[in-house]
Amino acid sequence: ELEGRLAKYENPKNSSNSSVPPSKDENRPKKNQSLRPGSDRKVGGQTGHRGSTLEMTPAPDSVIYHAPDLCAGCGNGLSEVPGEVAARRQVVDIPPIAPHYTEHRTLRKQCPCGHLCEGAFPENVRAPISYGPNVQATAAYLHTRQYLPVGRTAEFLADFCGLPLSQGTVINLLKKFTAKSAPAYGLIAKKVMGAKAVGADETGIRVDGNKGWYWAWQCGSATYIVFSENRGIATIERNFPSGLPNAVLVHDCWASHFRTVCRTHQLCTAHLLRELVYFTERYASQWAMEFSELIYRGLKLKKKMGPDGYGAPLPERDGIKEKMSALLDRPLPEEHKDLRAFHKRMIKYGDYVFAFLHYHEVPPDNNASERAIRNVKVKQKVSGQFKTPEGAQSYAVIRSVTDTCVKNGQNVLGAFKTIANLLPE
C-alpha cells in the first residue's frame, strides 16, 4: 500500500499525462513530451511555405524629397538643378487619433399655411451627447478580443484615443453592445444546433468570489459560449431544449454530455492518450502502451480516408475494433486501481472511441472546444474574475461572436462595427 502511495509522487500527474491544466504544473514536464508522433521534417518553415514581409505601397499618403544642396565635387549650389528619384524608402506609422464630434441640429420651419414644423433627430441619436458606434465596437473589441479588464480598456481609450471614459461608462457601452449582439448570438446557437459534428467543453470561473461555469459548444463555422451557475444537464437543456439530434457530440467524457440527445458520441482521444501516458509512466503497463498504439493507428487511418470512404467496408477499421475488443477483454492487475477504473470506463464507452472513423466531419479530439474555452481562462488570468453573472454572460455573448468571426475569416473589429451600428431595441 505504501509503495502504491509513493508511486503517485514518483509519477505525478501533469498537463502532459492527464487533464491537469499547464497552469497547475508544479514543475514543468520534460521537453519533447508531446502526444504528437515524431517527424522527419526539419524545425521551422518547410520548402514551399509562403512567407510574408512588409511591402512598400505604390500610393503613399505623403512624399518628402531629400535633395543635395551643394556639389560634393566642386562645391557649387544645386538648388536650381533638376533632379531625379534615386532611391525610395517608406515609413509606416499611425497618425494621432483624436475624438471626432458630430453635432446634430434640428431645424424649425414655418409653412406658408402657418403650421410650424421641426426636423427629427436620427433614431440612434437619443441623448444630448453620447458615444458613437465606433467607440462601442472598440470597447467591446479591447474587452473581449484583447482580454483587457474594464479599467485598462478605459485607460487605453483615454491615452490612445483621447476619450476620458469612466469604468462605469465602459460597462454601459458593453451592455449596449451585448444587446445589439443578441440576434447574431441566436443565429450562432442555431448554426451549432444544426451541425453534424459538435464539440463541447466546460470550465470553472469565479464570479464575485463564487464558482460558476462557462460552457462552449462549437462546430466548424460557429462557437456558442454561455455562462451558467450549473455544470449539470440543466444548462444543456436550457440552451438546447431539443438536444443536438443531428450531431456527433465530441467531448471529454463528462457525464452530463452523455445525457444530451445526439446521434452518437466521440470521446476526445487527446484526453485518452494523456491518461495512457500516465499509466505507462507509473506502471510500465503494456496494456496502456498497446491501447495508445491502437489510437495512433486510428488517427493515421483517419488521415488516409477520403470523404467517400466512410460508408464502405474497411478491413483496417474492422481490425482496429477487433484489437480494441481483445484489449478490453484482457484482465488487469488488481493493485492498479486507477488503470482498472480507466479500463472499466472504456468497456462502458468503448463504442465512442473510434466514432471518428465512421463520420468524415467528426474530429478525433476535442481540441477545438478546448481552444474556445481557453479564451475564457486567459480572460480570467488577466482580469481575475467577473463581478456579476450579467457581466460574465455579456462576455460569453461577445466572445461567441468573436470566435465565430475568426472561424469564418472575418475582421473582428469590422464585424463589431457592423453590430454597433444596429439600432437599439
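Listing for the model above:
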quantity	calculated
Selected residue (criterion: most open to solvent (accessible area, probe 1.4 Å)) from residues of the range 119-137 that are more than 12 Å from Pro99 (Cβ to Cβ) and part of a helix (DSSP H, G or I)	Pro133
Filter result for Gly414 (modelled with pLDDT of 95 or more, open to solvent by 10 Å² or more (accessible area, probe 1.4 Å) and assigned to a loop (DSSP other than H, G, I, E, B))	no
Residue check for Leu332: among the hydrophobic types (A, V, I, L, M, F, W, C), closer than 30 Å to Leu2 by Cβ and not in a helix (DSSP H, G or I)	yes
Glu322 vs. criteria modelled with pLDDT under 95 and loosely packed, with under 11 Cβ neighbours inside 10 Å	no
Which numbered condition Tyr147 fails, given (1) part of a helix (DSSP H, G or I); (2) under 23 Å from Ser394 (Cα atoms); (3) aromatic (Phe, Trp, Tyr)	(1)
Any hit, the range 285-303, residues being touching a His at 6+ places or on another chain (Cβ under 8 Å), closer than 18 Å to Val250 by Cβ and either in a loop (DSSP other than H, G, I, E, B) or open to solvent by less than 70 Å² (accessible area, probe 1.4 Å) (or both)	no
Which numbered condition Gly209 misses (of (1) open to solvent by less than 30 Å² (accessible area, probe 1.4 Å); (2) at pLDDT below 95)	(1)
Candidates Thr53, Thr144, Thr102, Thr106 - the one that is among the hydroxyl-bearing types (Ser, Thr, Tyr) and under 30 Å from Gln385 (Cα atoms)	Thr144
Contacts under 9 angstrom Cβ, first residue in the range 76-96 being farther than 20 Å from Thr57 by Cβ, partner open to solvent by 90 Å² or more (accessible area, probe 1.4 Å), 6 or more apart	Asn76/Leu70; Gly77/Asp69; Gly77/Leu70; Leu78/Asp69; Leu78/Leu70; Ser79/Asp69; Gly83/Tyr65
Among (1) at pLDDT 75 or above; (2) assigned to a loop (DSSP other than H, G, I, E, B); (3) not β-branched (Val, Ile, Thr), the one test that Arg28 misses	(1)
Filter result for Arg41 (modelled with pLDDT under 80, assigned to a helix (DSSP H, G or I) and exposed (fewer than 10 other Cβ atoms within 10 Å of the Cβ))	no
Sole residue being under 21 Å from Pro133 (Cα atoms), among the basic types (Lys, Arg) and in contact (Cβ under 8 Å) with a residue 24 or more places away in the chain, chosen from Lys387, Lys417	Lys417
Matching residues, the range 105-132, being under 30 Å from Phe156 (Cα atoms) and either at pLDDT 95 or above or among the β-branched types (Val, Ile, Thr) (or both)	Val125, Ile129
Residue that is nearest to Gly132 (Cα to Cα), among those in the range 162-180 that are outside any loop (DSSP other than H, G, I, E, B) and hydrophobic (A, V, I, L, M, F, W, C)	Leu173
Filter result for Leu173 (surrounded by 12 or more Cβ atoms within 10 Å (Cβ to Cβ), over 30 Å from Pro245 (Cβ atoms) and either among the aliphatic types (A, V, I, L, M) or modelled with pLDDT under 95 (or both))	yes
Residue list for the range 373-411, restricted to those being crowded, with 17+ Cβ neighbours inside 10 Å, at pLDDT below 95 and under 12 Å from the mean Cα position of the chain (by Cα)	Ile373, Asn375, Val376, Lys379
Among residues of the range 244-268, those that are basic (Lys, Arg) and either within 22 Å of Arg371 (Cα to Cα) or in contact with a Leu (Cβ under 9 Å, 6 or more places away or on another chain) (or both), counted	1
The range 204-250, residues that are within 16 Å of the chain's Cα centre (by Cα) and under 14 Å from Asn366 (Cα atoms)	Trp215, Ala216, Trp217, Gln218, Cys219, Gly220, Thr223
Some residue of the range 64-78 being in a loop (DSSP other than H, G, I, E, B) and within 30 Å of Phe156 (Cα to Cα)	no
Residue ID - surrounded by the most Cβ atoms within 10 Å (Cβ to Cβ), chosen from residues in the range 350-371 that are part of a loop (DSSP other than H, G, I, E, B) and touching a strand residue (DSSP E or B) at 6+ places or on another chain (Cβ under 8 Å)	Asn366
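The values are calculated or read from the model by the stated rules, or taken from the named source; none is laboratory data. Bear in mind the structure is a predicted one, so any value in this text is a computation, not a measurement. Here the Cβ is made from the backbone with ideal geometry for all residues, glycine too, and neighbour counts use every protein chain on show. Heavy atoms of the whole protein, side chains included, go into the accessibility calculation; ligands, DNA and RNA do not. Shrake-Rupley method; radii C 1.70, N 1.55, O 1.52, S 1.80 Å.
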